[in-house]
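Let me begin by presenting the structure, written as structure tokens, before commenting on it.
Taken together, the values in this text are just the output of simple stated rules run on the coordinates, not laboratory data. All of these numbers come straight from a predicted model, not from anything done at the bench. For neighbour counting, all protein chains shown are included, and Cβ atoms are generated from backbone atoms with ideal geometry for every residue, glycine included.
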Amino acid sequence: MEQIERIKYHEETLDETRKLLNELEVLLDRYIANGGRLAELSKYYGSPEWMEDFEADEDGKLPAELKRGVLSEDGIYDLLSDNNELVSKLAEAIIVSTRLE
């Protein structure tokens with residue numbers, strides 16, 4: 001790679017990585033702030049309250065227009081699984097980033 005091309009290439013990498021880091025920081029802050037709500041959702045899933053709500057839905061006691069993805073068999077489970085995968089990816093990213101130093 002020629003000198004000018006090399007500098008342009010690395011400058012582009014610098015700019016793009018800075019942009020990605022800024023976006024990731026914003027999203028990570030939001031994710032962390034939401035952590036308490038996710039913990040509450042996890043506790044709700046399979047709890048007596050969830051079972052009561054699920055049964056009410058099954059019995060047609062809830063309003064038809066009520067959004068109730070939390071009462072699906074897979075909604076919360078899939079979200080928690082996706083969260084665990086994300087946490088694993090974040091841990092992997094941390095390991096990779098420590099190798100850069």
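Please list, ordered by residue number, the helices (runs of 4 or more DSSP H) wholly in the range 11-101 having 3 or more residues that are surrounded by 10 or more Cβ atoms within 10 Å (Cβ to Cβ) and within 19 Å of the chain's Cα centre (by Cα).
35-44, 75-98
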Next on the checklist: Quick check on residue 4: is it surrounded by fewer than 10 Cβ atoms within 10 Å (Cβ to Cβ) and either assigned to a loop (DSSP other than H, G, I, E, B) or over 25 Å from the mean Cα position of the chain (by Cα) (or both)?
Outcome noted: yes
